[in-house]
1. Does the range 68-86 hold any residues that are at pLDDT 95 or above and assigned to a loop (DSSP other than H, G, I, E, B), and which are they?
2. Of the residues in the range 100-140, how many are closer than 22 Å to GLU88 by Cβ and free of Cβ contacts under 8 Å to residues at least 24 places away in the same chain?
3. When you look at ALA54, is it crowded, with 16+ Cβ neighbours inside 10 Å, without any contact (Cβ under 8 Å) to a residue 60 or more places away in the chain, more than 10 Å from ligand 1 (Cβ to nearest atom) and among the small types (Gly, Ala, Ser), yes or no?
4. Just to be sure, is ASN80 among the polar types (S, T, N, Q) and surrounded by 12 or more Cβ atoms within 10 Å (Cβ to Cβ)?
5. Restricting attention to the range 13-29, which residues are surrounded by fewer than 22 Cβ atoms within 10 Å (Cβ to Cβ) and either of a type in the set (Val, Ile, Thr) or out of contact with any strand residue (DSSP E or B) (no Cβ under 9 Å at 6 or more places or on another chain) (or both)?
6. Taking the range 113-134, which residues are buried (at least 24 other Cβ atoms within 10 Å of the Cβ) and either over 15 Å from the mean Cα position of the chain (by Cα) or of a type in the set (S, T, N, Q) (or both)?
7. Pairs under 9 Å by beta carbon, first residue within 17 Å of VAL108 (Cα to Cα) in the range 156-167, partner among the hydroxyl-bearing types (Ser, Thr, Tyr) and surrounded by fewer than 21 Cβ atoms within 10 Å (Cβ to Cβ), six or more apart or different chains?
8. Can you tell me which residues in the range 44-67 are in a loop (DSSP other than H, G, I, E, B) and away from ligand 2 (no atom under 14 Å from the Cβ)?
Amino acid sequence: MSAHLNGMQALRKEHLYKVLVIGDLGVGKTAIIRRYVHQTYSNNYRATIGVDFALKVLNWDSETVRLQLWDIAGQERFGNMTRVYYREAMGAFIVFDVTRPTTFEAVVKWKEDLDSKLMLANGQSIATVLLANKCDQGRELSNNGIKMDQFCKDHGFIGWFETSAKDNLNIGDAANFLVKHIMATENDILKSVIPDTISPQLHSNKHTSCAECFK
Ligand code: GTP
Ligand code: MG
């Protein structure tokens, strides 16, 4: 029985993705991560210093996804460390606070900072989702949905979600959306690096994170 189980586990595909959570001071990055990873929420605000980390494990049918979430302090946009923090990330959330328009204006600056410092092996920018947080506070964006869709197209976001860390709204959905997109891009990148015609023997050394090796 256990041998059988071990055999089954060996068939699972494992993914480890570094995902950045960025955006201005106090928009709710830490609250979103705490809600998503620990199912907790607090009204108290304590600014993040530098960067914090959290790990979320998703067990899907035959795949395990480990999301390494990098909770980067809002104040870091004015520092020099973001280049270091962004390194090797596969995806990002850029968060703004629907009650503070200046935090929405800053979204473009965060996106530019990200794209200027990081790109994927295929030369594209990493999958980035826009989060309109604190939607429990009113300021419905849904009426503005078309505008938001256009904003995403114009600025290279793969999509946007209204979220509330307080009311636990849409955070899981936004994360699933990002992860699915990262998985699709990962396959594309691997295909461009490893042509389909490559001999299977070349994979016998089991490249790390090579899709061909984990089939
Ligand atoms: P920095 O670490 O300074 O960059 O801020 P942050 O983006 O991590 O903000 P944080 O998560 O600490 O939240 C700031 C404040 O907003 C806290 O008082 C939270 O309780 C509050 N907050 C966060 N998310 C929500 C939300 O969805 N709704 C409401 N009403 N308040 C929220
Ligand atoms: Mg924080």
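1. Residue satisfying the conditions is ALA73 alone.
2. Going through the range 100-140 one residue at a time, the tally reaches 4.
3. yes
4. Values: among the polar types (S, T, N, Q): yes; surrounded by 12 or more Cβ atoms within 10 Å (Cβ to Cβ): no.
Criteria not met by ASN80.
5. Passing the criteria: only LEU25.
6. Selection gives THR128, ASN133, LYS134.
7. GLY156/SER125
8. Passing the criteria: ASP61, SER62.
The values are calculated or read from the model by the stated rules, or taken from the named source; none is laboratory data. This one's a predicted model, so the numbers in the text were calculated from it and none came from an experiment. When we count neighbours, we look across all protein chains shown, and the Cβ atoms used for this are built from the backbone with ideal geometry, even at glycine.
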